[in-house]
Amino acid sequence: MAVNTIKPQSTPSPNALVNQKSAGDAKKAENVQTVKSAVNAYAKAAQPSAQQPAANVQISPRARELSLARQVVENTPDIREDKVAKFKAMIERGEYKPDAGKIADSILAEAMRDELSKDPEVALS
């Protein structure tokens, strides 16, 4: 009859455990150093070098006008509440009497301006 003997697993010595932990810590420290090096390299690349002169940009008067116009448009409400309130009150009081002829003339004049702006040669023919 054969007897199976069970060998106990060997337990690492305290020194071996410390060495394993030290090796893991060394790897972590190496990874941290790698990340720090990459961050420093990126930061250095993002900074302008002392040899490069600063860019000199001049904005034309036309560009300034367009910028100002854009700001005015962006700060102007889409609906002018003061005008809406004025005409609403006039309608309620029965004082608003639009002239259909003037409205039609204005619509046609605007349509003609739009067409002329597309092709100015049309006006010459």
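To the nearest µm²/s, what D does Stokes-Einstein give for the range 53-122 at 37 °C and 0.692 mPa s, using the Kirkwood radius over alpha carbon pairs as Rh?
Numbers: Rh = 17.0 Å.
Using the Kirkwood radius from Cα pairs, D works out to 193 µm²/s.
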_Net +/- balance of residues flanking ILE91 in space, Cβ distance below 14 Å, scoring K and R +1, D and E -1_ = +3
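Any read-out appearing in this document is the output of simple, stated calculations on the displayed coordinates, not a laboratory observation. Predicted model only: the values in this text are computed from it and were never measured. As a convention, Cβ positions derive from the backbone with ideal geometry for all residues, glycine included, and neighbour counts pool all protein chains shown.
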